[in-house]
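Since the structure comes first, as structure tokens, the remarks are kept for the end.
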Amino acid sequence: MLNYFIFVLVLVINIFFELFFKDYELKNNKKIIIEQGMSLSDVSNLLKNNNIIKSKLAFKIWIKVNFVETKIKFGEYQFENGVSVNKIVSKLKSGDFFFRKFTIVEGTTKFDLFEKIRGTYPDQKIELNELSDFFVADTYYYNVAESANELIKNISKSSSEILNKLWSQRDEGLPLKNIEEVFILSSIIEKETSLDYEKKEVAGVFYNRLKKGMRLQSDPTVIFAITKGEKKFNRKLLRKDLKYKSPFNTYLNKGLPPLPICFPGIKSIEATLNPDQNEYFYFVADPKINGHIFSKHYHQHLKTIKMIKEYKIND
């Protein structure tokens, strides 16, 4: 009988609060952060001060009646206009967090990403070697309560899932052994062109060169060799730079560099896995078309370079 009475009492109170305890008409969505170690009073004060609840007492009673006090999950939450106490408590209990965006821009170097994570978590210590060289440039989501290491693990896991899926859709005739080699070549393609429609064509050029045993001769690999991805390269690449000794310099070394030179986006990886079947071995940037001109033969390539230099002078 007593249990039945308690059940009915809880049911009546729940219905009462659901119907009558609505928040103020919020002009904008409210975001709050419930930090680890906050007491029920701290949480109720936070909600009241942000006009999310009308009554701290009603909120506390609701928490107690539903036995939720020890089940509130710390993190960042967003509350919309007209939310009830019942929905507030459900959100806090289930951990229905607000997730922030963390974007790795295509072409970001490992060092740049390291600096970005340190800026996001200024109070946490991380080391450069904690970052993988094989993160996919994409948008990821995290809760403010998560640590920097948790964010890194989430990016690593999601990147592996993306790469495994893309690898399963590859052109079976590729002269590359694994997804790591694909990723390295994708990072070069990412730096060679930002134009999605060109990426497969550029990939075709590099595969043609690899099959012939030619060096890739990619300028971005020389720039990475010089800067190690830690600073901007704020000058033109000189002929003497092409002799810079480094395993990353594809003018001196055949095949691929030992590691990626940046984090490529999905479009670059897809292009590397499914390249154009073309007969080109050379390409050069043409500012007039905001893209590249491709050539089959070296003498054609030299003529194109001369033409571009001439109208650059005239301009």
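Just so you know, all these numbers are worked out from the coordinates, no wet-lab data involved. Everything numeric here is computed off the predicted structure, so don't read it as measured data. Methodologically, a virtual Cβ is constructed for each residue, glycine included, from the backbone with ideal geometry; neighbour enumeration extends over all protein chains shown.
With a point put 7 Å past each Cα toward its Cβ, work out how far residue 101 is from residue 31 in nm, to one decimal.
A separation of 1.2 nm, rounded to one decimal place.
Just to confirm the number: angle between the C-alpha axis of helix 110-120 and the first principal axis of the chain, 0 to 90 degrees, nearest 10?
20
Do you know the relative contact order of the stretch 173-314, to the nearest whole percent, from alpha carbon pairs under 8 angstrom that are 6+ apart?
30
Once the Cα gyration tensor of the stretch 217-261 is diagonalised, what are the square roots of 5 times its eigenvalues, in whole Å and ordered largest first, as equivalent ellipsoid semi-axes?
16, 13, 7
Run the simple label-point estimate for residue 40 and residue 310 please: 7 Å along Cα→C-beta, distance reported in nm.
Once both label points are built, they end up 8.5 nm from each other.
Where the convex hull is taken over the Cα atoms of the stretch 100-164, what is its projected area averaged over directions, in nm²?
Quarter of the Cα hull surface area: 4.0 nm².
From largest to smallest, what semi-axes in whole angstrom does the stretch 173-314 give when each is the square root of 5 times an eigenvalue of its alpha carbon gyration tensor?
The equivalent ellipsoid of the stretch 173-314 has semi-axes of 22, 19, 15 Å.
Would you compute, for the Cα atoms of the stretch 32-92, the largest minus smallest coordinate along each principal axis and list the three values in descending order, in whole Å?
Extents along the principal axes: 26, 23, 18 Å.
Between the stretch 127-176 and the stretch 254-315, how far is it from one alpha carbon centroid to the other, in angstrom?
If you average the Cα positions of each part, the centres end up 27 Å apart.
If you keep only loop residues by DSSP, which GluC sites (Glu not before Pro) in the stretch 232-315 have at most 13 other Cβ atoms within 10 Å of their Cβ?
Qualifying residues, ordered by number: 279.
Which part of the stretch 218-260 falls in the paramagnetic zone of residue 133, meaning amide N under 11 Å from the point 7 Å along Cα-to-beta-carbon?
Within reach of a label on residue 133: 247-248, 257-260.
Could you work out the local net charge near residue 155, counting Lys and Arg as +1, Asp and Glu as -1, over the other residues with Cβ closer than 13 Å to its Cβ?
That works out to -1.
Please work out the FRET efficiency for the pair residue 154 and residue 236, using the Cβ-Cβ distance as r and a Förster radius of 41 Å; give the result to the nearest 0.05.
0.55
Take the alpha-carbon positions of the stretch 61-118, form their convex hull, and give its projected area averaged over all directions (one quarter of the hull surface) in nm².
6.0
Tilt of helix 56-65 relative to the longest C-alpha principal axis of the chain, in degrees (0 to 90, nearest 10)?
Helix 56-65 sits roughly 90 degrees off the main axis of the chain.
Taking H as built 1.01 Å from N, whose amide H comes closer than 5 Å to the amide H of residue 265, not counting residues under 5 places away?
107, 137
Can you list the HN-Hα couplings for the stretch 140-151, worked out from phi with the Karplus curve (6.51, -1.76, 1.60; θ = phi - 60°), rounded to whole Hz and with x for Gly and Pro?
Values per residue, Gly and Pro as x: 10, 10, 8, 9, 4, 6, 6, 7, 4, 5, 5, 4 Hz.
So what's the net charge close to residue 220: Lys and Arg +1, Asp and Glu -1, counting the other residues with Cβ under 9 Å from its Cβ?
Summing Lys and Arg as +1 and Asp and Glu as -1 gives -2.
Just the number, please: percent antiparallel of the DSSP beta bridges in the chain, rounded to the nearest 5.
Approximately 95 percent, going by the DSSP bridge assignments.
Just one of [x] 20.9, 67; [y] 19.2, 62; [z] 28.2, 97 is Rg and Dmax of the Cα atoms in Å as worked out from the coordinates here. Which one is it?
[z]
Pop the C-beta distance of residue 147 and residue 48 into the FRET formula with R0 = 25 Å and round what comes out to the nearest 0.05.
My answer for the efficiency is 0.30.
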